[in-house]
1. Which loop GluC sites (Glu not before Pro) in segment 67-150, with loop taken from DSSP, have no more than 15 other Cβ atoms within 10 angstrom of their Cβ?
2. Just to confirm the filter: which GluC sites (Glu not before Pro) across segment 197-269 are DSSP coil and have at most 13 other Cβ within 10 angstrom of their Cβ?
3. Using the alpha carbon gyration tensor of segment 129-195, what are the three equivalent-ellipsoid semi-axes (square root of 5 times each eigenvalue), largest first, in whole Å?
4. With the other protein chains left in place, how much accessible area per residue, in square angstrom, belongs to segment 81-186 at a 1.4 angstrom probe?
5. Give me the percent relative contact order of segment 345-402, please, defined on Cα pairs under 8 angstrom at least 6 residues apart.
6. Evaluate 2.2 N^0.38 Å with N set to the residue count of segment 243-369, then give the Cα radius of gyration divided by it.
7. Tell me which trypsin sites (Lys or Arg not before Pro) from segment 63-159 have a DSSP coil assignment and no more than 13 other beta carbons within 10 Å of their own.
8. Using Cα positions and a limit of under 20 Å, work out the lysines in reach of Lys378, with same-chain residues fewer than 8 apart set aside.
Amino acid sequence: MFQSAGQIVRSTAAVLALSAALWAALISIASAEIIRSFNSDIVINEDSSFTVTETIVYDFELESRHGIFRNIKDKHPQEASVWYKTRYIDLGLLSVTRDGQPEPYTLESYNGLSVKIGDANRTITGPHTYQIVYRVEGGLAEYPDGIEVYWNVTGDEWPVFMEKVLVTLHTEWENGLTEVADCYVGFTGSAQNCLTKHTSEETRFAWEEGLVAGMGVTVAQRLQYGRDIVVLEQVNFFWIAFIALACWFVGFSVWAYKWHFKYRTKLPVIAQYEPLSEFKPMFTGVLFDRRLDQRDITAAIIYLAQRGYIQIKQTTEKVLFFNVKDHEVKLQKPILHNDLSFDDEIAGLLFRAPEVGREVIKLSDVKSNNSKLLANQKILQKLNKAVERDILEKGFIEQRFSRTVRLMLLIVVPLVSGILTALFFFFYYYGVESIDVSSYVKSALFTQLLGVSFFVTALLWFFLASERRTKKGYEALNYLKGFKDFLSTTEKERYKFHNAPALSPEKFMEYLPYAIAFGVEQEWAEVFKDIQITPPNWYQADTGGHFSATAFAAGLGSFSTSLSTSTGKSGSSGGGHSGGGGGGGGGGSW
């Protein structure tokens, strides 16, 4: 007789589950310690608190131990009345005995009640009976169907085998228990039921088939209770801190944004036909986009050539089957130090001694010379600081901090936040013997958010709250946008401009460095494609014939790219489960 696929799957699952339970039981038995019985007597008081008396017969067998410890969590199965609070229960230890006599104990750090029972100077073996009595405030739960006690009796953190569990539940007043009750046994999430017996005076829950490590018993009982129960809630620090952190971050971001763009104007951009007064090409590019880049360096080199300091010759060499273009640069006359133009620093990117003159170099040689590239990096850093200082002194920008302080901020803040995060994890993890997972995850998440917030704030401070353009700076930017529009607009669209100057070969050469700094040299050259232009005396192409403005601009647009390359539901109605309800925890020996 053949089995259906569903029957085969169910049979296989049952065999696997039985095998797992047997292996777990064998492991537990091999531990040489066992709980012979776990009895819990729960009395519901009229003030909605309840008293729990746990009688645990713990057999150490041949193992020498000081005693046992018992952990009860302070979690509550219900949500709080508002999102920013958390339901909790208050646990108060009343008494501890061993074999009917008072036993020394200590209270340990835990998310609830943790009692370590025994004498550190004495060891015991064999079976012993421990009785732990504690009071629970705020432990009842109110559902639409009524009030109930939903309690995780044993917890699921015991590492030893438990032979049987008996739970007795009754009230201080008469007829306080209804017939609606349930009991769940197994690993967390299990809905397997244990034996439940109800009378008018008490409800008894029993499980005598054994519990392996990690399993537990949870009971749920509906009550006849005609008054309000005590509800304990506390403000959830995680959510309050998260909201406060979010508000602070948003507020700071808005403030930083407003501070950074305080002087920004919404005036229309008007075409400008000349460069900004007394602003050389490199400074124009830096003032426009607030950074010194390769295009600005190229513009500065072309500006040097236009003033007769250098000559540029385009060359072509055959490498295997390919023609490789290169540039040969000759220093025509010495360049002396000038704080305003920085001509000597620009020339220093090409030549070893720009103050001497008559030196000839190839760009490919510079690109392959690692020591020269490293030296150029230092020159560029010095030049970048000098140009920024010059623009700052002229009143185009204002700063709260120097570039050095801002860079330190970007390094120190993430470093400090990372160290604090690591310290938090270390002390939190090793400061308690057992960790509530949800609390741990929330704390870890909050700490990570705090660290990320500090890091992003540092970035915002660097980009927004540490430097801004002044009113003069935005006026200059608006002017430069107009000049860029003039240089980048095609000939067909120039009818929109009024009083635009006539196009001439001289204008092409004069404004080419500015077009390179703006990154619109191809558009500027396209305007002159049909105009006869005499090649400049400082540039020699490798091909003869007609001079092409577009080819000329293309060859120079990326001229300096090689100069600075660096190497480098309720429980009593059947909707519960094992591990649910309030309480929980577990225990063990020490």
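The values are calculated or read from the model by the stated rules, or taken from the named source; none is laboratory data. Since the model is a prediction, treat every value here as computed from it, not as a measurement. In this analysis, Cβ positions are derived from the backbone assuming ideal geometry, glycine residues included, and neighbour counts consider all displayed protein chains. Areas reflect the complete protein model, heavy atoms only, side chains present, ligands, DNA and RNA absent. Shrake-Rupley method; radii C 1.70, N 1.55, O 1.52, S 1.80 Å.
1. Filter output for segment 67-150: Glu79, Glu108.
2. Glu201, Glu208, Glu209
3. 23, 17, 13
4. Per residue, segment 81-186 has 44 Å² of solvent-accessible surface.
5. Relative CO of segment 345-402 lands at 26 percent.
6. For segment 243-369, the normalised Cα radius of gyration is 1.58.
7. Of the trypsin sites (Lys or Arg not before Pro), the ones in loops of segment 63-159 whose Cβ has at most 13 other Cβ atoms within 10 Å are Arg122.
8. By straight Cα distance, Lys378 reaches Lys367.
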